[in-house]
Amino acid sequence: MHATNERLKMSLYAALMAGITAILAQLTIPLPLVPITGQTLAIGLCATILGSRYGTLAVALYVAMGAIGLPVFSEAKGGFSILVGPTGGYIIGFIISAYLTGLLLEKTRFSLAPAIAANIIGMVITLIFGAVQLKFAAGLTWDQALSGGVYPFLVVGVIKAVLASILGITIRKRLLAAKLLPVHETKAA
């Protein structure tokens, strides 16, 4: 019974984080090809707070909500067409990013330095997935895809990775201290 309750509680946290991701996705700074959004910050928070399994679940729920048409993606967009369009690679990359970011933290420690490294790696993974799909979906050259879909996001991506790490580790520590997260899920900070 105890394990079932913990899985239910963690699943509810994942659903909550999916909702937070939908909210942060609405924070946008428009750019010509791909906007800067709060989504990547939210993805880092999901993985840093919940780890690989439930962080990935949170992001997959977010992507599924958008895929079925709920207006949760950037600029209140939704629908499967977004996933196969020019910016869909970033959204698909979020799932891989959340998993690997959480896994790296589980294999090291949930503390600030490993969190920053893991979140930067996650950001790079998202940018790679995004650039590949941007190139093919928009019919761009590699130089155009990198210039419009990677380079403008490197500095702000590092800033969001650091912010996700600081906030995520702080929130995680507080949830652990309040006994709201299971300690056995991952190494504690």
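Quick look at the values:
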quantity	calculated
Single unsatisfied condition, A64 versus (1) free of Cβ contacts under 8 Å to residues at least 12 places away in the same chain; (2) among the aliphatic types (A, V, I, L, M); (3) not in a helix (DSSP H, G or I)	(3)
Filter result (within 16 Å of the chain's Cα centre (by Cα) and of a type in the set (V, I, T)) within segment 67-97	V72, T87, I91, I92, I95, I96
Residue check, L146 under 22 Å from L176 (Cα atoms) and of a type in the set (A, V, I, L, M)	no
Hits in segment 71-86 (condition: closer than 13 Å to T21 by Cα and without any contact (Cβ under 8 Å) to a residue 24 or more places away in the chain)	P71
Residue pairs meeting the criteria (Cβ under 6 Å; at least 6 apart or on separate chains; first over 26 Å from V150 (Cβ atoms), in segment 102-122; second surrounded by fewer than 16 Cβ atoms within 10 Å (Cβ to Cβ) and of a type outside the set (A, V, I, L, M))	R109/K187
Output for segment 10-59, where each listed residue is in a helix (DSSP H, G or I), more than 16 Å from the chain's Cα centre (by Cα) and in contact (Cβ under 8 Å) with a residue 60 or more places away in the chain	M10
Test for A113: is it over 24 Å from L27 (Cβ atoms), modelled with pLDDT under 95 and either crowded, with 17+ Cβ neighbours inside 10 Å or more than 16 Å from the chain's Cα centre (by Cα) (or both)	no
Pick from segment 66-108, criterion of a type in the set (D, E, K, R) and surrounded by 16 or more Cβ atoms within 10 Å (Cβ to Cβ), ranking: nearest to A137 (Cα to Cα)	K77
Residue in segment 123-132 that is surrounded by fewer than 24 Cβ atoms within 10 Å (Cβ to Cβ), among the hydroxyl-bearing types (S, T, Y) and within 12 Å of the chain's Cα centre (by Cα) present	no
Residues within segment 8-25 that are closer than 29 Å to G148 by Cα and either of a type in the set (K, R) or in contact with a Gly (Cβ under 7 Å, 6 or more places away or on another chain) (or both), tallied	2
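Per-residue answers, yes or no, for (1) crowded, with 16+ Cβ neighbours inside 10 Å; (2) under 24 Å from R174 (Cβ atoms):
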residue	(1), (2)
E6	no, yes
T28	no, no
T37	yes, no
T40	yes, yes
G44	yes, yes
G51	yes, yes
V59	yes, yes
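Okay, residues lined up against (1) closer than 18 Å to G157 by Cα; (2) touching a Cys at 6+ places or on another chain (Cβ under 9 Å):
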site: R7; (1), (2): no, no
site: A14; (1), (2): no, yes
site: M17; (1), (2): no, yes
site: T21; (1), (2): yes, yes
site: L24; (1), (2): yes, no
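The values are calculated or read from the model by the stated rules, or taken from the named source; none is laboratory data. Remember, it's a predicted structure, so these values are computed and weren't measured experimentally. We place every Cβ from the backbone using ideal geometry, glycine too, and count neighbours over all the protein chains shown.
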